[in-house]
Amino acid sequence: MVRFGIRRGVWFGVIALVAGTGDLWAAATPATRPASTSAPTKTTKPKPEFPPYSQILQGYEKVVSTADGQKSFYTIWIRKKDGQMLGELPRGFESQRHFIAMTVSSGDRFAGLQAGDMYVYWRRYDKRLALIEPNVSIRSTGDPESKNSVRRLFTDRVVLEVPILTIGPGGGPVIDMDALLVGQASKFFGPSVRVLSKNLVRIVKAKAFPQNVEIAFEVPVARPVRVRPSLSGKTSAGTLQTLHYSISLIPTNSKYKPRKADERIGFFTTSYSDLGKYSDDETRVRYINRWHLEKRDPKLKVSPPLKPIVFYIEHTTPVRYRRWVRQGILYWNKAFERIGLANAIEVYYQDATTGAYMDLDPEDVRWNFIRWLNNDVGVAIGPSRVNPMTGEILDADIILTDGWIRHFRMQFEKVMPQIAMEGFNAETVAWLAQHPSWDPRIRLAHPAQ
């Protein structure tokens, strides 16, 4: 009983001790923590990557070229007083292929002649953009290993780079367009174009449409694009030239089928090397540059085209020659009828007096023009711009010059009478002297003579 009592006392003592310790611990620990007296930490906002677009675009005027204000391909802002221009690239620009067509539209003896084109895309590198030309000259249609090898060996080419100024209201990067198209004009037109002064730049044209933009600057250049002897004999340094850029999306045409060229007849061609093939005849691929013409009604033997080829005779063409130029173009319809297409070509007059089609720019890749140059040169040039992947003609501008009129006049007044007299003996010449009305030299002479 004693032992049990002792054990019981110890047991209750331990319980009491533990309970007492708990009270001491509770007494030593405050019931609530005192409120912190330090100020709350402020969240630091990250510094913006670019200045706000409202700051960059201050003082600029937005270019709106559509009647309904439809969103344009590039959004363009201009400040005419000092020739400044900004442009916002479209959303999804990195997955697009853009087509840049260049033309010297004034200040050159062959102004209006196409000055080349570029098939490019943009790629962003942090705060900069690179304009890149894809490799289209070497391809592979072979097995996957061949295609991968060609992609690895024959890479694309960086043409130039520009800084991103800000992110525009449409979400695309904004770049300095005049620094791009004037400051780096030699990258587009070649080394012969060197702008003498960037302080003497004037914006001649700025039009923004849903599928393309048309931009032109007047600049003083060190040398004209095509060096020709000056008619005045003076140096050409400092010549004011208008550099025109047509920037557009290449339209996707799933119905167009490239046609391979053969040796039966000459064509302008678009060519590339196919390293997925192993015979010489197959490696070099040449596509004919041609229009996409198809019948409106395939069941008819002769049908109008679904989309005709349309040419405009520029208002610079002398009125007295226009109908003859038109007839010459329409004469091609006889050939198209032989392959089942009626009225494949249509021709319209652009006229400054009536205003007909004066809203169309010859440099715009959407329109085909016949252009007239008074340059005292007898040539006719018919370049075209094509899709570099397929050879489909996108745009054609034909150049006619006044030199042909001088040439024809000289032929009829001087050359033809001489040719007509060749082989005549003395007796025939004597007879013509007695019968001058039959003398070819008189019959072919100008009425005033």
Worksheet item: Does the range 111-158 hold any residues that are within 15 Å of the chain's Cα centre (by Cα), of a type in the set (A, V, I, L, M) and farther than 26 Å from ASP397 by Cα, and which are they?
Response: LEU131, ILE132
Item to complete: Hey, can you tell me all the residues within the range 178-209 that are of a type outside the set (A, V, I, L, M, F, W, C) and surrounded by 20 or more Cβ atoms within 10 Å (Cβ to Cβ)?
Response: ASP178
Discussion item. Scan the range 339-360 and tell me whether some residue there is over 30 Å from TYR272 (Cα atoms), of a type in the set (D, E, K, R) and part of a helix (DSSP H, G or I).
Written reply: no
Response to the item:
Residue pairs within 7 Å by beta carbon, gap of at least six or interchain, first lying in the range 368-391 and among the basic types (Lys, Arg), second assigned to a loop (DSSP other than H, G, I, E, B), listed first then second, are ARG371/GLY112; ARG371/GLU314; ARG371/THR316; ARG371/PRO362; ARG385/VAL365
Discussion item. I want to confirm something. Restricting to the range 409-449 and keeping residues that are exposed (fewer than 12 other Cβ atoms within 10 Å of the Cβ) and among the small types (Gly, Ala, Ser), which single residue is nearest to the chain's Cα centre (by Cα)?
Written reply: ALA448
Discussion item. For the structure I just gave you, tell me whether ALA356 is at pLDDT below 80 and hydrophobic (A, V, I, L, M, F, W, C).
Written reply: no
Discussion item. Within the range 211-243, take every residue that is in a loop (DSSP other than H, G, I, E, B) and in contact with a Pro (Cβ under 6 Å, 6 or more places away or on another chain) and give me the one that is modelled with the lowest pLDDT.
Written reply: SER236
Worksheet item: Which strands (runs of 3 or more DSSP E) sit wholly inside the range 245-338 and have at least 3 residues that are within 21 Å of VAL365 (Cβ to Cβ) and of a type in the set (A, V, I, L, M, F, W, C)?
Response: 309-313
Response to the item:
So the helices (runs of 4 or more DSSP H) completely within the range 377-445 holding 2 or more residues that are hydrophobic (A, V, I, L, M, F, W, C) are 403-410, 416-421, 426-434
Worksheet entry | Condition met for PRO173 (under 26 Å from ASP126 (Cβ atoms) and surrounded by 15 or more Cβ atoms within 10 Å (Cβ to Cβ)) | yes
Worksheet entry | Filter result for GLY403 (surrounded by 13 or more Cβ atoms within 10 Å (Cβ to Cβ) and either of a type outside the set (Asp, Glu) or within 30 Å of ARG441 (Cβ to Cβ) (or both)) | yes
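Per-residue answers, yes or no, for (1) surrounded by 16 or more Cβ atoms within 10 Å (Cβ to Cβ); (2) at negative phi:
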{"site": "GLY92", "(1), (2)": "no, no"}
{"site": "SER95", "(1), (2)": "no, yes"}
{"site": "PHE110", "(1), (2)": "yes, yes"}
{"site": "ASP117", "(1), (2)": "yes, yes"}
{"site": "TYR125", "(1), (2)": "no, yes"}
{"site": "LEU129", "(1), (2)": "yes, yes"}
{"site": "PRO134", "(1), (2)": "no, yes"}
{"site": "THR141", "(1), (2)": "no, yes"}
{"site": "PRO144", "(1), (2)": "no, yes"}
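The values are calculated or read from the model by the stated rules, or taken from the named source; none is laboratory data. Small disclaimer: the values here were computed from a predicted structure and weren't measured. We place every Cβ from the backbone using ideal geometry, glycine too, and count neighbours over all the protein chains shown.
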